[in-house]
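The values are calculated or read from the model by the stated rules, or taken from the named source; none is laboratory data. Since this is a predicted model, take the numbers as computed values, not measurements. Virtual Cβ from ideal backbone geometry, glycine too; neighbours counted across all protein chains shown.
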Ligand SMILES: [Zn+2]
């Protein structure tokens with residue numbers, strides 16, 4: 001019991017530190033920059049960030065959200081992503097415990113966080129993440145999360161197939177591009193890790209979320225959300241919901257009613 005508490009604390013703190021690295025990935029991958037060098041620096045004055053000013057969440061609070069050198073504002077997104085990653089490390093450890101599945105699902109969720117924020121910022125989902133993610137996550141799921149090879153294979157094929165046809169038909173019918181190739185690759189990657197049975201759930205929940213947010217945009221801002229909100233983050237949110245509850249939900253629907 002005692003050791004479980006300590007492990008939870010350690011994994012949560014490690015999650016915050018990983019979140020700090022995810023911030024670097026979100027900022028640099030779309031620019032095609034190295035995520036290893038150079039070390040973090042202030043985006044405004046370029047001064048390298050001292051190690052004691054680089055403590056996740058805490059440094060942001062101590063510095064009052066300002067750079068020590070130029071007093072330029074630091075975006076609240078940095079501590080937010082560190083906190084988000086820490087919370088997921090905590091939740092995933094509670095859900096999966098000290099099993100081989102835990103590091104696999106944690107890496108998966110971290111990748112989804114990076115993809116969501118990049119898509120949100122730039123309306124792109126870098127191929128370098130999804131195309132390398134498809135084989136990596138298929139192997140991780142089969143080795144550590146109990147997915148069968150067939151399940152992962154069908155997940156990739158059906159995932160890529162469904163959105164490909166949705167995208168092609170949508171464009172043919174409306175004459176404008178609704179779904180990018182990035183979304184197609186992303187759903188294939190989700191299918192690789194969660195298996196083909198997850199895809200209907202992920203598509204339904206993400207479309208529902210997208211529709212609700214889209215309507216809110218039209219109602220409150222008076223504009224078509226197609227030009228404002230990308231679809232990738234909704235796919236990622238639905239995948240995370242499935243990761244936590246999917247097995248139970250599907251069992252609920254498929255179980256014989258009395
Ligand atoms: Zn600065």
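Key figures for this structure:
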{"read-out": "Residues of region 50-63 satisfying the condition of being away from the ligand (no atom under 13 Å from the Cβ) and more than 20 Å from residue 18 (Cβ to Cβ)", "value": "62"}
{"read-out": "Boolean, residue 135 is assigned by TED's automatic domain parsing to the domain that holds residue 236, touching a helix residue (DSSP H, G or I) at 6+ places or on another chain (Cβ under 9 Å), farther than 28 Å from residue 179 by Cβ and part of a helix (DSSP H, G or I)", "value": "no"}
